[in-house]
Amino acid sequence: MVERLRHRAAAFVDGHAELFVTVEDDGTLMFGGDDQAGLFRAAAEWLEEDPACTVAGVAWGPAATEPPWTLALHLRHPGPPGD
């Protein structure tokens, strides 16, 4: 699942140049940027594009470094582990 999310994140950020998007090893999707509302819009867009993906946890707040705001979504996807 993590590799699939990373591939999708690379394509997603191409359409959202103002965002920083990464996927952590545990499947947490990290959005970063200057525009707080834009981070939530991007997260909503991501979830709309993959309705099978569910959010198991959320972390939000200012970052210690650039970009100034981060939004983390811990995602779960149906299917066998590692899928």
Per-selection Kirkwood Rh - region 33-79 (Cα, Å, 1 d.p.)
11.5 Å
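Write out the GluC sites (Glu not before Pro) in region 23-65 meeting two conditions: DSSP loop, and at most 15 other Cβ atoms within 10 Å of their Cβ. Write down the numbers at each step before the final one.
Values: sites: Glu24, Glu45, Glu48, Glu49; in loops: Glu24.
Sparse-neighbourhood loop GluC sites (Glu not before Pro): Glu24.
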Which residues' amide hydrogens lie under 5 Å from the amide hydrogen of Thr70, considering only partners 5 or more residues apart or on another chain, with H built in the peptide plane?
Gly61, Ala63
Unit Cα scatterers, Debye sum, the chain: log10 I(q)/I(0) for q = 0.18, 0.24 Å⁻¹:
-0.71, -1.25
In Å, the C-alpha Rg and Dmax of region 1-42 are 10.1, 28
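Where a number appears in this text, it was derived from the coordinates with a stated rule and is not lab data. Computed from a predicted model, the values in this text were never measured in an experiment. Heads up, the Cβs are rebuilt from the backbone with ideal geometry, glycines too, and the neighbour counts pull from every protein chain shown.
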